[in-house]
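Data block below; observations after.
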Amino acid sequence: MRNQIAAANWKMNLTFQKGEKLLDEILAAGIKLKQHQQVIFAVPFPYLLMARSEVEEEKNYYTAAQNCYHKKNGAFTGEVSAEMLHSLAIPYCIVGHSERREYFKETNEMLADKLNLCLEYFITPIFCCGEPLPIRESKMQNQFVQTQLQESLFHLTAEQITNIIIAYEPIWAIGTGKTATTDQAQEMHAFLRSILANQYGQTIADQISILYGGSVKANNAKELFDCRDVDGGLVGGASLIAQDFLEIIKGLK
Ligand code: PEP
């Protein structure tokens, strides 16, 4: 079975102390993950070491960065490189979240560079794609995400692509409380898998975890995760509340 993943994206929320307490509460619940299940906490940069040491002893619980820079190193004050993350033994990094695309003008080409750097430094990227509302309303969502994948992902080799996690996050669903229906999610995830299959073959496409993100909550996670091509979720708001995120973890296949 493909890896089934609950990934928390804290964004720019929580103080260090509150973050530590939240992790303590989640881990204290003692949910034992199955072999194919993973929980990933994408925390702010200054909390990475704390989070890494919190999850260190827990099987299949991991830490992620929320971003890295698209250049290898150099005079880029305030930025964090993939190599730096690797030197802290951080195994995952979100790449191309829609907030970064929008507010920090990240382009598909820049994201291709980030993916290359992550892979060079043995970091598994969680690559985000997804369409804004006007594109969904004009029924152009498939072409839109296909271009995102083509321009950021499809230069990768078959071996590299199996080290990527994809998160489909329709922008109209992020932080809005307006979750995609299970039909909308399954339809898009099946489409994503079909274009991965066209590019890399069905066997490879079947190995790639595709997460859904956009107002995943305790009360809708399980029905979304039960969809055939949905392999878990990337969760913002609901990952900040221990009980809610615990329910979401329990919803994994
Ligand atoms: C996200 O941050 O990627 C996200 C999906 O946020 P939310 O769950 O709050 O919609």
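The values are calculated or read from the model by the stated rules, or taken from the named source; none is laboratory data. The shown structure was predicted, so the numbers you read here are calculated from the model rather than taken from an experiment. Here the Cβ is made from the backbone with ideal geometry for all residues, glycine too, and neighbour counts use every protein chain on show. Only protein heavy atoms, including side chains, enter the accessible area calculation; ligands, DNA and RNA are left aside. Shrake-Rupley method; radii C 1.70, N 1.55, O 1.52, S 1.80 Å.
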Rounded Å value of the spacing that divides the Cα centres of the range 143-167 and the range 180-253: 17 Å
Divide by every residue of the chain the summed helix terms, -39500 (n - 2.57) for each DSSP H run of at least 4, and state the resulting mean residue ellipticity at 222 nm, rounded to the nearest 500 deg cm²/dmol. -11500 deg cm²/dmol
The chain, Gaussian network, Cα under 10 Å: of Val216, Val43, Val145, the residue fluctuating most is Val145
Whole-Å distance, taken between Cα centres, linking the range 1-46 and the range 81-136: 19 Å
Considering only Arg52, Arg193, Arg228, give the residue with the highest GNM mean-square fluctuation for the chain, with springs between Cα atoms whenever their separation is below 10 Å. Arg228
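I need the shape label for the range 17-143. Rule: rounded when a/c is under 1.5, else prolate if a/b > b/c, else oblate, with a, b, c from the alpha carbon gyration tensor.
Numbers: a/c = 1.99, a/b = 1.33, b/c = 1.49.
Oblate, since a/c reaches 1.5 and b/c is not below a/b.
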Using a Gaussian network model on the chain with a 10 Å cutoff between Cα atoms, which of Asn73, Asn163, Asn220 fluctuates the most? Asn73
Any idea what log10 I(q)/I(0) is at q = 0.21, 0.23 Å⁻¹ for the range 1-51, Debye with uniform C-alpha scatterers and no solvent? -0.81, -0.91
Spin-label point model (7 Å from Cα, Cβ direction): what's the Lys71 to Asn108 distance in nm? 2.5 nm
Based on DSSP, what percent of beta bridges with both residues in the chain are antiparallel, to the nearest 5? 0 percent
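Accessible area per residue, 1.4 Å probe, Å², for the chain: what's the number? Let's see the in-between values first.
Details: 11360 Å² over 253 residues.
Ligands and nucleic acids excluded, the figure is 45 Å² per residue.
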Size of charge dipole - the range 60-203 - debye, nearest 20, with Cβ of Lys, Arg +1 and Asp, Glu -1, no other charges: 80 debye
Roughly what would the spin-label model give for Lys250 and Thr176, points 7 Å off Cα along C-beta, in nm? 3.0 nm
On the first, second and third principal axes, largest extent first, how far apart are the outermost C-alpha atoms of the range 100-250 in Å? 38, 33, 31
Positive dipole terminus of the chain, leading residue within Ala51, Ala205, Ala190 (C-beta point charges): Ala190
Roughly speaking, to the nearest percent, how much of the chain's 1.4 Å accessible area is carbon and sulfur? 52 percent
Given charges at Cβ of Lys, Arg, Asp, Glu: the chain dipole, positive-most of Ala29, Asn60, Asn9: Ala29
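More than 29 Å apart: what percent of Cα pairs in the chain qualify?
Working: 7334 of 31878 pairs.
Tail of the P(r) past 29 Å holds 23 percent of the pairs.
In debye to the nearest 20, how big a dipole does the range 135-183 give about its Cα centre with +1 on each Lys and Arg Cβ and -1 on each Asp and Glu Cβ? Before the final figure, lay out the partial values.
Values: 3 positive and 5 negative charges, 37 e Å.
Using only the charged Cβ atoms, the result is roughly 180 debye.
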If every Lys and Arg gets +1 and every Asp and Glu gets -1 at its Cβ, then about the Cα centre the chain yields a dipole, in debye to the nearest 20, of 200 debye
